[in-house]
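Working notes, structure below.
The values are calculated or read from the model by the stated rules, or taken from the named source; none is laboratory data. Computed from a predicted structure; not experimentally measured. So basically every Cβ, Gly included, is an ideal-geometry build from the backbone, and we count neighbours across all protein chains shown. Calculation scope for accessible area: heavy atoms of the full protein, side chains included, ligands and nucleic acids excluded. Shrake-Rupley method; radii C 1.70, N 1.55, O 1.52, S 1.80 Å.
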Amino acid sequence: MLEIKEIYKPEDFKPELTREEFIDFLHTHLDQFGDPKDQIGLSIDYAFSKAEGKGGFLLAGFYDGKLVGGLIMNKTGMSGYIPDNILVYVAVDASLRGKGIGAQIIEKSFDIAEGEVKLHVEYENPAKRLYERLGMTTKYAEMRLKK
């Protein structure tokens with residue numbers, strides 16, 4: 001059975017998981033859709049922040065004591081005109097995909113998050129189908145100006 005641990009502050013990592021192990025897991029299992037480790041760390045810092053408009057949480061999924069899934073949810077601080085939360089990262093151990101682990105972790109995050117949730121997903125990411133099955137819809141195409 002999947003055990004999902006909620007992490008709201010640095011002390012919540014202990015004893016079965018460290019921050020570095022969580023970052024390494026996400027970095028490894030996000031594959032080509034991930035970001036560098038330092039950026040994953042920044043999203044954790046944001047989730048743990050007590051500053052106005054910031055905050056969030058992490059979820060760590062364990063099966064038989066082994067980390068098999070992870071998620072980072074950040075608050076946007078823009079309720080009303082932008083969804084209240086952004087699901088920044090979610091990953092499942094590559095060898096265990098397709099077994100419902102990701103769905104369980106995401107559904108738990110939806111239960112915990114207060115308000116609406118958005119996420120960014122690349123069109124060719126196979127996880128897009130999972131997000132749609134869980135009730136997420138496409139409202140906008142994201143456009144960026146890189147400087």
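Points worth noting:
- Fully extending the segment from Thr18 to Glu142, taken as 0.36 nm per residue of separation minus the present Cα-Cα distance, adds 41.3 nm.
- Expected-Rg normalisation [2.2 N^0.38 Å, Cα atoms] applied to the chain: 1.00
- Take every Cα pair under 8 Å whose residues are at least 6 apart in sequence, average their separation, divide by the length of the chain, and the relative contact order is 19 percent.
- The charge dipole of the chain, taken about its Cα centre with unit charges on the Cβ of Lys, Arg, Asp and Glu (plus for the first two, minus for the last two), comes to roughly 400 debye.
- Summary value for the range 62-117: 36 percent relative contact order, contacts being C-alpha pairs under 8 angstrom separated by 6+ residues.
- For the residue pairs Lys108/Lys147; Lys9/Lys147; Lys37/Lys118; Lys66/Lys139, alpha carbon separations beyond 26 Å are given by Lys108/Lys147; Lys9/Lys147; Lys66/Lys139.
- Its relative contact order, with pairs defined as Cα atoms under 8 Å and 6+ residues apart, puts the range 85-147 at 37 percent.
- In nm, spacing of pseudo-spin labels at Leu42 and Ala94 (7 Å Cα→C-beta vector): 2.5 nm
- Across the range 1-70, the volume of the C-alpha convex hull divided among the residues equals 87 Å³ per residue.
- Springs join every pair of Cα atoms under 10 Å in this Gaussian network model of the chain, and among Ile72, Ile44, Ile112 the largest mean-square fluctuation is at Ile112.
- Only protein heavy atoms count here; under a 1.4 Å probe, Leu87 has an accessible surface of about 10 Å².
- Where Tyr63, Tyr89, Tyr123 fall by accessible area, highest first, once all protein chains stay in place (1.4 Å): Tyr123, Tyr63, Tyr89
- Backbone amide hydrogens, once placed in the peptide plane, bring Arg97 within less than 5 Å of nothing, excluding anything fewer than 5 places away on its chain.
- Charge-dipole axis of the chain as Lys and Arg at +1 and Asp and Glu at -1 on Cβ define it, positive-most pick from Gly102, Tyr131, Gly65: Tyr131
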